[in-house]
1. Restricting to the range 39-57, name every residue that is over 14 Å from the mean Cα position of the chain (by Cα) and either without any contact (Cβ under 8 Å) to a residue 40 or more places away in the chain or farther than 16 Å from residue 70 by Cβ (or both).
2. Go through the range 1-29 and report how many residues are more than 17 Å from residue 68 (Cβ to Cβ) and at pLDDT 90 or above.
């Protein structure tokens, strides 16, 4: 749940299974929002509504999840 009228609100995402420290790219609704390495957490700023958060490796392996922020 997002806090109505609150400041910047984020979801913290973390990847398991990428222990070698390789680079990851993060996307929200198809737009690039940043990158991380290994299993470092990545905070994604969210707005109300339904969104797809996706993460991709350099090899093109992609995982995604749909979240609803109210």
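The values are calculated or read from the model by the stated rules, or taken from the named source; none is laboratory data. Note that the coordinates shown come from a computational prediction; the quantities given were computed from them, not determined experimentally. Using ideal geometry, Cβ is built from the backbone for each residue, glycine included, and neighbour counts are taken over all protein chains shown.
1. Passing the criteria: only 49.
2. 5
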